[in-house]
Each structure stands twice: as C-alpha cells, then as structure tokens.
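Novice: Can you keep this structure in mind? I'll have questions shortly.
The values are calculated or read from the model by the stated rules, or taken from the named source; none is laboratory data. Everything quoted here is computed from the prediction, not taken from an experiment. Neighbour counts are summed over all protein chains in view; Cβ atoms, including those assigned to glycine, are modelled from backbone coordinates with ideal geometry. Areas reflect the complete protein model, heavy atoms only, side chains present, ligands, DNA and RNA absent. Shrake-Rupley method; radii C 1.70, N 1.55, O 1.52, S 1.80 Å.
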Amino acid sequence: MSRAGQGAVVRADAPQASIIVPVYNTAKTLPACLDSALAQSAGDIEVICVNDGSPDDAGDILADYAARDERVRVIEQENAGLSAARNVGMAAARGRVVTFLDSDDAFEPNLCERVLAAFNAADDVDAVTFGAVCEPEELASKRIQRLLSPSDAVYRGFDSALLFSANAQPYAWRTALTRAFIERASISFDTSLRFAEDVPFHFTVYPLARTTVLLSDKLYRYRMTEGSLTHVYNARNSREKKLEQHLQVLASIFTSWRSHGIGALCPEQMVTWCLDFTLFDLLGVAPEVGAACARRLSSLLCDVYDPSWWQLPRDAAVRRAARAVAEAKPNGITLGKVDLMRFFVATRGLAQCVERVFRRG
C-alpha cells in the first residue's frame, strides 16, 4: 500500500506515466475507473488518487486498491474542489508524463501506450491531446462529439487552430503533459473556478507548449450524467450563475496570459470566441443583469486589446453582436433575434444552430 502522508514506502524509481484521479462522491463509478487505469497495456505507471474530502465510501475503496496494488498512491485532503485536487496530484506526480482521469470516467487500455509513443516521437513534445467517446452517446450533442474528435496532427509552436478549430479543447482530461513542461511553465489549475476550470488550462498550455501532438484515437470514455456540473449550469434557472462563472473563466484566461507573458493572442478569433461563450446567456438573463455582465465582458476585452475591441471581428454579424455588447445600456443589450441568429450561424454554422433548436425543443 502506498498512501501519501502515512509513512508508506514509495518506489524510488520514477514511472513513465502518472495518472491523476481526483475523487469526490463517486464511489459507484470509482472501481471501474481505477480498474481501467490499472489495466493499461503500458504497466510502468502510478495512479495518484486525491481524495477531495469525499463524503461517501470512496475513501474505503481507495484504501482497498492501494493495499492491493503498489502503483496506487492515495492523498487525503479536505474538500477543496477539482482544480485543487488536480494541482495536488500534479505536485505529487513522479512520472515523466502526467495524465488526468476523472473518477466517473475510464481509460481505454492502450491510452498510456499511445500517449507515451507520441511523446517519444520527438524530444520537444510538451502536450498530447487525444479523442474521446461519450457514454451514453445520446446525451452528447453532435458538437461535443465533434469537439472530442481531433484529426492526427503535429503543431510545432503555437497555432490558433488548437484553441479555435482543431477540436483540441475543452476538457483537461484529454491532454497529457510532460512533468518537465508542467514545472518549466508553472502549469496549474485555477482553484477559484468551480465550472469550466479546464478551459483556462488549454488556453495556457497550447500557447506555451513547444510541440503539441493531436491523436485521433478515442482513448478516453467520458461518462455523461444528468447531474454533472455542465448539465446543472445549463438549466434555465441557473443561467445567471452560469454567466457569472463564464465571465470568471474569461478573467482567468487573461490573468494567466499576463502572468505567463503570453500577450494579447489572436484578437479577432478571441473576441469572437468570448462572444460565443457568453452571448446566449447575456441575452437570456434579466436585461439589467445582462447589461451589467456585458459591461464586465467589454472591460475585460478592452484591457487585453483596446477600446475598439468590438471592431476586431471581420464578419459583419459578429461585429454587430460585439458592438451591441460594447454599447450595452443599463436596461439591456440591443440585439434582435435575427442578428442573434446570424451571429450563431457565423460562429457555429447553420447545422449546429438547427441542432440546438431541436434539442431545446
């Protein structure tokens, strides 16, 4: 048994891969999750389980697995959230490569083998991002399924496609990093975020990575649940809370960029993406709330770019939406339904808009 903080003997030699498993209230799915990690075809691994003050029987399950397999290490902490648990796991990792596995999901048996091979293909690979399948598939929109389906590619240096068009984000669990890169670039998760905490992760990792490899292989099984944070925040009565969290995510991205000296990247694409991330909810909350949040968004973009940020998009429909946000009045944002539809057609395409209407109906 290897349990951090309890004097147990831990292997002195570093494994090839560290699998970080944050655990909170997932006793029902945890055994299948851990079984998938320990069944990897690349056996030179360690599984670092961070018990984030789980109130269920997860602690007993972790103790049992650690007693039976020396590759399992358990770290106990008071509840601090997913980001804090991942950070603790990264700090404890000894593997050359660090991967993430949520405790209600599962790895395919060859995940570590494929990821390690991708890192071994070149000396300067810092990040490897792979595909995933959703379970059950019917709960996932076609957009999510597409975002989890990257094509095989190698990006040397930063390319904006990694953030906006290569199906390489979101979800931190689909990206493995070298421990050397984590330490060199001071990669961590923002513990102030309780929703979409992995979005700033990718917006920091990709600009800083020397080389990023995308794998089309579906190596991860993402369990879709009605009770997940994503589903909760998509509920109509939670839209204001979701909007607040999205603004915090954007602030986190720009703070990370400043702290890492990244600068004001991809002006046109970033403004368009920020609007796509928030506009539907800006118009779906009470007008005075939407106006206040629009002013906050405009202030964030003004600080990163300049007061004329709304002119950066070249597409006319996007620029009209940007201007409406920039010029929001105290009683609301002036943007008609036709302009809103044109905006979403411009940013997501007609097929996605039609799909969204039918899914909402």
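Let's see how each residue does on (1) charged (D, E, K, R); (2) in contact with a strand residue (DSSP E or B) (Cβ under 7 Å, 6 or more places away or on another chain); (3) within 26 Å of Glu46 (Cβ to Cβ):
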| site | (1), (2), (3) |
| --- | --- |
| Phe100 | no, yes, yes |
| Asp105 | yes, yes, yes |
| Leu111 | no, yes, yes |
| Asn120 | no, no, yes |
| Asp123 | yes, no, yes |
| Phe158 | no, no, no |
| Asn167 | no, no, no |
| Arg174 | yes, yes, yes |
| Ile182 | no, yes, yes |
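Novice: Same structure again: Only one of (1) under 20 Å from Ile45 (Cα atoms); (2) outside any strand (DSSP E or B); (3) hydrophobic (A, V, I, L, M, F, W, C) is not met by Leu162, so which one is it?
Specialist: Every listed condition holds for Leu162 apart from (1).
Novice: Answer yes or no: is there a residue in the range 57-65 that is touching a Lys or Arg at 6+ places or on another chain (Cβ under 8 Å), of a type outside the set (A, V, I, L, M) and more than 15 Å from Tyr220 (Cα to Cα).
Specialist: Initially, the range 57-65 is screened for residues touching a Lys or Arg at 6+ places or on another chain (Cβ under 8 Å), giving 63.
Among the residues that remain, those that are also of a type outside the set (A, V, I, L, M) are: none.
Looking through the range 57-65, none of the residues is touching a Lys or Arg at 6+ places or on another chain (Cβ under 8 Å), of a type outside the set (A, V, I, L, M) and more than 15 Å from Tyr220 (Cα to Cα).
Novice: So Leu335 fits all but one of (1) hydrophobic (A, V, I, L, M, F, W, C); (2) open to solvent by 10 Å² or more (accessible area, probe 1.4 Å); (3) not in a loop (DSSP other than H, G, I, E, B); what number is the exception?
Specialist: Checking Leu335 against (1) hydrophobic (A, V, I, L, M, F, W, C); (2) open to solvent by 10 Å² or more (accessible area, probe 1.4 Å); (3) not in a loop (DSSP other than H, G, I, E, B), the one that fails is (3).
Novice: Also: What pairs can you find where one residue is in the range 340-354 and at pLDDT 80 or above and part of a helix (DSSP H, G or I), the other is among the small types (Gly, Ala, Ser) and open to solvent by 40 Å² or more (accessible area, probe 1.4 Å), and their Cβ atoms are less than 9 Å apart, with a gap of 6+ or different chains?
Specialist: Here the result reads Arg342/Ala316; Ala346/Ala316, each pair linking the range 340-354 to a residue that is among the small types (Gly, Ala, Ser) and open to solvent by 40 Å² or more (accessible area, probe 1.4 Å).
Novice: While we're on this one: Just for the range 167-186: of the residues that are aliphatic (A, V, I, L, M) and assigned to a helix (DSSP H, G or I), which one is surrounded by the most Cβ atoms within 10 Å (Cβ to Cβ)? Give the steps one after another, and end with the answer.
Specialist: First, pick out the residues of the range 167-186 that are aliphatic (A, V, I, L, M): 168, 172, 176-177, 180, 182, 185.
Those still in the list that are assigned to a helix (DSSP H, G or I) too: 172, 180, 182, 185.
On the way: Ala172: 23, Ala180: 11, Ile182: 17, Ala185: 17.
Among those that are aliphatic (A, V, I, L, M) and assigned to a helix (DSSP H, G or I), it is Ala172.
Novice: Could you tell me how many of the residues in the range 34-57 are under 13 Å from Thr99 (Cβ atoms), of a type in the set (A, V, I, L, M, F, W, C) and touching a helix residue (DSSP H, G or I) at 6+ places or on another chain (Cβ under 8 Å)?
Specialist: So the count comes out to 4.
Novice: Considering only the range 266-294, state which residues are open to solvent by less than 10 Å² (accessible area, probe 1.4 Å) and more than 15 Å from Lys241 (Cβ to Cβ).
Specialist: Met270, Val271, Cys274, Leu275, Leu279, Ala291, Ala294
Novice: Still on this model: Restricting to the range 52-88, name every residue that is under 26 Å from the mean Cα position of the chain (by Cα) and open to solvent by less than 10 Å² (accessible area, probe 1.4 Å). Steps first, please.
Specialist: Within the range 52-88, the first condition is being under 26 Å from the mean Cα position of the chain (by Cα), and the residues that meet it are 52-56, 58-59, 62, 72-88.
Across the range 52-88, the qualifying residues are Asp52, Ala58, Leu62, Val72, Val74, Gly81, Ser83, Ala85, Arg86.
Novice: Output the qualifying pairs, or none if there are none: Cβ atoms under 7 angstrom, residues six or more apart or on different chains, first residue in the range 292-308 and touching a residue at least 12 places away in the same chain (Cβ under 8 Å), second residue surrounded by fewer than 18 Cβ atoms within 10 Å (Cβ to Cβ) and among the aliphatic types (A, V, I, L, M).
Specialist: The qualifying pairs are Val304/Ala264; Tyr305/Ala264.
Novice: Restricted to the range 193-222, and to residues that are open to solvent by 20 Å² or more (accessible area, probe 1.4 Å) and at pLDDT 95 or above, which residue is farthest from Ser141 (Cα to Cα)?
Specialist: Arg210
Novice: Working only within the range 145-166, note down all residues that are surrounded by 21 or more Cβ atoms within 10 Å (Cβ to Cβ) and without any contact (Cβ under 8 Å) to a residue 60 or more places away in the chain.
Specialist: The answer is Leu162, and nothing else.
Novice: Out of (1) surrounded by fewer than 22 Cβ atoms within 10 Å (Cβ to Cβ); (2) within 17 Å of the chain's Cα centre (by Cα), the odd one out for Thr129 is which?
Specialist: (1)
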